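Following: one structure in structure tokens, then a few remarks.
The values are calculated or read from the model by the stated rules, or taken from the named source; none is laboratory data. Everything quoted here is computed from the prediction, not taken from an experiment. Reconstructed Cβ throughout: ideal geometry from the backbone, glycine too, with neighbour counts over all protein chains shown.
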Ligand code: NDP
């Protein structure tokens with residue numbers, strides 16, 4: 001029997017990058033995956049078709065995670081369709097980088113709305129279901145930038161640091177009902193988000209990583225799968241760095 005056979009998982013931001021890797025991994029491992037996209041319907045459709053051709057089960061939904069009503073309606077529809085919700089992976093995220101002197105309020109707010117408030121909306125809606133169910137897993141994708149900071153990313157690092165506090169507080173709130181909440185903090189992963197860096201910036205990053213390379217989305221997805229699986233049943237409230245040793 002596959003690792004996640006019969007499980008129902010939600011993955012936000014499944015249309016690209018790390019989220020796509022997570023969706024593909026969980027579908028391969030037998031789960032029914034409800035993934036979201038925001039602005040890439042064609043990519044979502046292509047991924048869904050490939051996964052279906054390989055025998056997996058994934059359904060994509062257009063959900064802007066910063067829209068409270070849309071998130072609530074999405075969780076309701078998944079639970080109505082599937083009758084349960086075993087795990088949520090809060091992966092959707094954006095960057096609007098710039099030094100603080102030049103950062104607009106809009107760039108601050110959109111990153112907080114998507115990367116932090118969106119996680120709150122998903123967690124709150126999922127918690128209502130998981131508390132009733134007396135089981136569930138939530139994996140929030142943070143970043144080592146939320147722990148160490150990064151020049152040019154006060155908005156992003158504040159949102160990712162916020163995810164750490166949210167994760168720990170929520171883990172305490174939900175633990176008595178067997179709902180486990182953890183944060184996975186990637187270092188540098190090869191995706192379109194990091195594709196915006198120049199070659200010099202990329203080389204400098206690699207030099208600072210003990211493993212001297214970036215992670216692939218699949219290397220993050222494998223750890224997410226572990227945090228959703230029975231083997232991790234005694235882990236909650238943790239921040240797990242998956243960063244090639246960068247932040248040790
Ligand atoms: P990408 O930019 O490659 O993909 C972002 C995903 O988020 C897309 O699927 C996008 O959907 C979705 N998304 C963006 N805005 C919204 C929104 N408002 N509502 C719903 N979905 C949205 O990012 P990565 O794969 O690189 O990053 C994924 C996560 O990992 C993020 O949380 C990021 O902060 C974190 N991370 C990434 C690192 C890296 O090195 N890449 C390092 C550390 C953390 P669509 O395309 O449909 O708009």
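Quick notes on this one:
- Checking the stretch 44-67 against the condition returns a match, with at least one residue being surrounded by fewer than 17 Cβ atoms within 10 Å (Cβ to Cβ), more than 24 Å from residue 123 (Cβ to Cβ), at pLDDT 95 or above and within 13 Å of the ligand (Cβ to nearest atom).
- Inter-residue pairs, beta-carbon under 7 Å, first under 16 Å from residue 29 (Cβ atoms) and in the stretch 52-74, second assigned to a loop (DSSP other than H, G, I, E, B) and near the ligand (Cβ under 10 Å from one of its atoms), 6+ apart: none
- Residue in the stretch 147-155 that is within 11 Å of the ligand (Cβ to nearest atom), surrounded by 13 or more Cβ atoms within 10 Å (Cβ to Cβ) and more than 22 Å from residue 120 (Cβ to Cβ) present: yes
- Tally, over the stretch 1-30, of residues that are more than 15 Å from the ligand (Cβ to nearest atom), in contact with a helix residue (DSSP H, G or I) (Cβ under 9 Å, 6 or more places away or on another chain) and assigned to a loop (DSSP other than H, G, I, E, B): 5
- Only one of the numbered conditions (1) in a helix (DSSP H, G or I); (2) within 10 Å of the ligand (Cβ to nearest atom) is not met by residue 192, and that is (1).
- Selection status of residue 227, closer than 21 Å to residue 163 by Cα and modelled with pLDDT of 95 or more: yes
- Of all residues making up the stretch 31-43, the number that are within 13 Å of the ligand (Cβ to nearest atom) and assigned to a loop (DSSP other than H, G, I, E, B): 3
- Output for the stretch 195-212, where each listed residue is outside any helix (DSSP H, G or I) and either within 22 Å of residue 112 (Cβ to Cβ) or modelled with pLDDT of 95 or more (or both): 209, 210, 211, 212
For every residue, the table says whether it meets (1) more than 19 Å from the chain's Cα centre (by Cα); (2) on the phi > 0 side of the Ramachandran plot; (3) more than 16 Å from the ligand (Cβ to nearest atom); (4) not in a loop (DSSP other than H, G, I, E, B).
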residue	(1), (2), (3), (4)
166	no, no, no, yes
170	no, no, yes, yes
182	no, no, no, yes
218	no, no, no, yes
234	yes, no, yes, no
244	no, yes, no, no
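- The stretch 200-233, residues that are loosely packed, with under 14 Cβ neighbours inside 10 Å and touching a strand residue (DSSP E or B) at 6+ places or on another chain (Cβ under 8 Å): 233
Residues checked against (1) more than 16 Å from the ligand (Cβ to nearest atom); (2) within 18 Å of residue 11 (Cβ to Cβ); (3) assigned to a helix (DSSP H, G or I):
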residue: 101; (1), (2), (3): yes, no, yes
residue: 108; (1), (2), (3): no, no, yes
residue: 112; (1), (2), (3): no, no, yes
residue: 117; (1), (2), (3): no, no, yes
residue: 120; (1), (2), (3): no, yes, yes
residue: 128; (1), (2), (3): yes, no, yes
residue: 132; (1), (2), (3): yes, no, yes
residue: 137; (1), (2), (3): yes, yes, no
residue: 143; (1), (2), (3): no, yes, no
